[in-house]
Amino acid sequence: MKLISNLLLSIAANFHDFFLGISSNEHQRQQQIWGTKKSHRKVKLQEVFRSEMADPAIEITLAPLRQAVKEQGDLVRKLKADGAPELDVKAAVAELKVRKKILEDKELELTPQTSTFDRSKMEDLLKRRFFYDQSFAIYGGISGQYDFGPMGCALKANMLSAWRQFFILEEQMLEVDCSILTPECVLQASGHVERFADLMTKDIKSGECFRLDHLIKNFLEKLASEKNSTADLKAECQDICVKLDGMSKDEMGAIMKKFNMKSPTTGNDLTEPIEFNLMFATQIGPTGLIKGFLRPETAQGIFVNFKRLLEFNQGKLPFAAAQIGNSFRNEISPRSGLIRVREFTMAEIEHFCDPREKDHPKFVDMKDTKMMLYSACNQMDGQSGQNIAIGEAVASGLVANETLGYFMARIHQFLLRVGIQPDRLRFRQHMGNEMAHYACDCWDAECLTSYGWIECVGCADRSAYDLTQHTNATKVRLAAEKRLPVPKTIDVTEAVPNRAAIGKSFKKDAKSIMDSLANLSLSDLQTLENCLNESGDYDLSLGEGSVKLTKDMVSVKTSSKTVHVEEIIPSVIEPSFGIGRIMYALLEQTFRMREGDEQRCYFSLPAIVAPLKCSILPLSNNPDFVPFIKKISSELTGADVSHKVDDSSGSIGRRYARTDEIAIPYGITIDFDTLKEPHTVTLRERDSMGQVRMPMEDIAEVIRRLAVGKTLWTEIEAKYPKFEQQESSAK
């Protein structure tokens, strides 16, 4: 998933490992452990969207910058409309991005800032309570790889459970679990082998790797900012940066030589540009003859099983298949914690539908859902996103079709349900230069973090590209049949082989010849017929060679046929969730510090995804409390409520603080009043620290209903008497 920052552009951009890869011989010496660099961690956060910046003085300052973006956007449109050369279009788009960056930086500078976010405090807490940590840390760690601890593992499991309930169960999707090891031929057909690559260069002595476009861009920006840089040099540097996206391997190599670029960390010489495929290659089997890769996405496993899934669904469209699993991308410069990693969990949906019927029966239930949509036109015109109903967006053509709009609305609902803040969520439409050539429309759900807007979910209309590619590669028809309202008569042209003559002449190649004849297109059949009529033979392509067929071996026949069904290759609507990115955005957006005591930090995670739903806290080590602890724990387990018993020493306030740190939303306290008849306990809510007293027999069912969102805390406060007790500060 491509990281996109369109509002906050890497505010905390002073990360020294932005360029750094992994040097095999100096790995431990150079590896930085995440969370150890504390500078530049207090980050100002925007509390409002750009559309809410209503200060006239600010708008006067921004107006010329918005106009500059709009002018460049209009130029891009004109170049595309006039069929200008691709390089000119790419250069214009790159300049558009530069102007957008200037505008967005100025917006960030001028927007009132109402809070700060201390990333170091959050990372310290995540590491100390082992939500997650760098993999193999005792050996120095590996960039872009993380291990989840007990709380991180539980948070992830709860999020995936919520996702499965929200999508697979509610939408009656077909879930699959496909192999991670993928043969090269599959990814060759999907285009990953050819396209899934970046250019890089290496330090010839240390072996450190640098992504080439980043290296060149940062070198030239630094060069242009020096005091002794001439106007011509600055203009040249800017021109190269603008055109960098469209440059070839040789052109980038020439720029490296021209400016005598060295390693930014050691000053050593660099290698020539190297094409680096982002997939992890491997060999399948002991012979090493079957080349394969660790899958870069989970989607291809669904596509290659389409035929079986269609049969399971009784041949009916539309239907959706889903898969949760790990994918792998060998990033050159992994960075920003869970945002850009080499191994990550994806939850993907492939919704197969008739390409001519992309309406959705449940869209009417979603049409009034309001969402922040940041369209391609908004971006090209330098304007803000718009908060509009998805029904209006589909009706106006802003969103391509009902099915795409339906899934965008469902994604929006899911992200809010797991705790993403609505004012820090938007859907950004891909611009023309970002969208794959086969895609009809594509929107990314982006969450606002201290790193800027990060893509967490992609939702694309992929048309019929993937099924068509795999059909062409395997000659297996990945298509569906649809019954026609009334039968129709069609003309069918086909090659009619003389099996005996072909078998006698070509022996073992006969089957391949039959298959090739059966797969000839209508234009190929017309050519075949013309050749047989004019010269009496036809050269049929067969693998890397060809065979000569004569009139006695094959003929062309055209006949009328009445059909009751038609064959269609379905279009695919694909929502693709990056679970790690959603988790990071959620942790950052729910990180809190107690007012008046900034040492008491906690995560305000919703109960539905919180690692544990409640804690049991005896007021002291009094042995009379033990039977009550066991009874409540047993009842909670029976109600499928995850919980933790904390009977350690320390004040109740200190123990509350410990459970708050691991995001436990509710705490049950057993005190001396619990020993009296009727037995009662107190129940505490994490965020408000409010407490109520209730009968012990009610507690398990109350917690269960709170944990699944069936009951609100305000309802509990209204039903049970409030328990007044001042919490002591945990120092």
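The values are calculated or read from the model by the stated rules, or taken from the named source; none is laboratory data. Since the model is a prediction, treat every value here as computed from it, not as a measurement. Ideal geometry is used to build each Cβ from the backbone, glycine not excepted, and the neighbour counts take in all protein chains shown. Accessible surface is based on the protein model in full, side chains and every heavy atom, while ligands, DNA and RNA are left aside. Shrake-Rupley method; radii C 1.70, N 1.55, O 1.52, S 1.80 Å.
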### Task
Can you confirm whether segment 395-410 contains a residue that is over 22 Å from residue 462 (Cα atoms) and in contact (Cβ under 8 Å) with a residue 24 or more places away in the chain?
no
### segment 644-678 - residue that is open to solvent by 20 Å² or more (accessible area, probe 1.4 Å) and in contact (Cβ under 8 Å) with a residue 60 or more places away in the chain and, of those, farthest from residue 707 (Cα to Cα)
651
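Evaluate the following for residue 640: is it in a loop (DSSP other than H, G, I, E, B), of a type outside the set (Phe, Trp, Tyr) and under 30 Å from residue 528 (Cα atoms)? Quick ask: steps written out before the conclusion?
Values: in a loop (DSSP other than H, G, I, E, B): yes; of a type outside the set (Phe, Trp, Tyr): yes; under 30 Å from residue 528 (Cα atoms): no.
Answer is no for this residue.
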### Message
Are there strands (runs of 3 or more DSSP E) fully within segment 219-307 with at least 3 residues that are under 27 Å from residue 87 (Cβ atoms) and under 30 Å from the mean Cα position of the chain (by Cα)? List them.
### Response
274-277
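In segment 308-317, which residue that is assigned to a helix (DSSP H, G or I) and either touching a Cys at 6+ places or on another chain (Cβ under 6 Å) or open to solvent by 50 Å² or more (accessible area, probe 1.4 Å) (or both) is nearest to residue 468 (Cα to Cα)?
Ranking the candidates gives 308 first.
Which residue, of 418, 457, 394, is under 21 Å from residue 158 (Cβ atoms) and out of contact with any strand residue (DSSP E or B) (no Cβ under 9 Å at 6 or more places or on another chain)? Steps first, answer last, please.
Values: 457 fails: out of contact with any strand residue (DSSP E or B) (no Cβ under 9 Å at 6 or more places or on another chain); 394 fails: under 21 Å from residue 158 (Cβ atoms).
Checking each option against the conditions leaves just 418.
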### Query
Looking at segment 604-619, which of its residues are touching an Asp or Glu at 6+ places or on another chain (Cβ under 8 Å) and either farther than 16 Å from residue 654 by Cα or open to solvent by 10 Å² or more (accessible area, probe 1.4 Å) (or both)?
604, 619
### Task
Check every one of the strands (runs of 3 or more DSSP E) wholly within segment 547-594 and list those with 3 or more residues that are surrounded by 20 or more Cβ atoms within 10 Å (Cβ to Cβ).
571-578
### Matching residues, segment 229-265, being exposed (fewer than 14 other Cβ atoms within 10 Å of the Cβ) and among the β-branched types (Val, Ile, Thr)
230
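Just give me the residues in segment 497-521 being open to solvent by 90 Å² or more (accessible area, probe 1.4 Å) and out of contact with any Lys or Arg (no Cβ under 9 Å at 6 or more places or on another chain), in sequence order. Spell out the reasoning first.
Going residue by residue through segment 497-521, those that are open to solvent by 90 Å² or more (accessible area, probe 1.4 Å) are 499, 504, 507-508, 511, 519.
Passing the criteria: 499, 504, 507, 508, 511.
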### Query
Can you find even one residue in segment 424-431 that is modelled with pLDDT of 95 or more, assigned to a loop (DSSP other than H, G, I, E, B), open to solvent by 20 Å² or more (accessible area, probe 1.4 Å) and not aromatic (Phe, Trp, Tyr)?
no
### Message
Looking for something over 20 Å from residue 345 (Cα atoms), without any contact (Cβ under 8 Å) to a residue 24 or more places away in the chain and of a type outside the set (Lys, Arg) - is there at least one such residue anywhere in segment 436-444?
### Response
yes
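Being among the aliphatic types (A, V, I, L, M) and open to solvent by less than 40 Å² (accessible area, probe 1.4 Å) is the filter here, so list the residues in segment 278-301 that pass it.
Step one: list which residues in segment 278-301 are among the aliphatic types (A, V, I, L, M), which gives 278-279, 281, 284, 289-290, 294, 299.
Answer for segment 278-301, where residues must be among the aliphatic types (A, V, I, L, M) and open to solvent by less than 40 Å² (accessible area, probe 1.4 Å): 278, 279, 299.
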## Note on the structure
Residues of segment 473-496 being open to solvent by 40 Å² or more (accessible area, probe 1.4 Å) and either in contact with a Pro (Cβ under 9 Å, 6 or more places away or on another chain) or not β-branched (Val, Ile, Thr) (or both), in sequence order, are 473, 475, 477, 481, 482, 483, 485, 487, 488, 491, 494
### Summary
Conditions (1) more than 20 Å from residue 477 (Cβ to Cβ); (2) touching a residue at least 12 places away in the same chain (Cβ under 8 Å); (3) open to solvent by less than 90 Å² (accessible area, probe 1.4 Å) -> residue 531 fails only (2)
#### Entry: Criterion (open to solvent by 60 Å² or more (accessible area, probe 1.4 Å) and without any contact (Cβ under 8 Å) to a residue 40 or more places away in the chain) met by exactly one of 135, 161
161
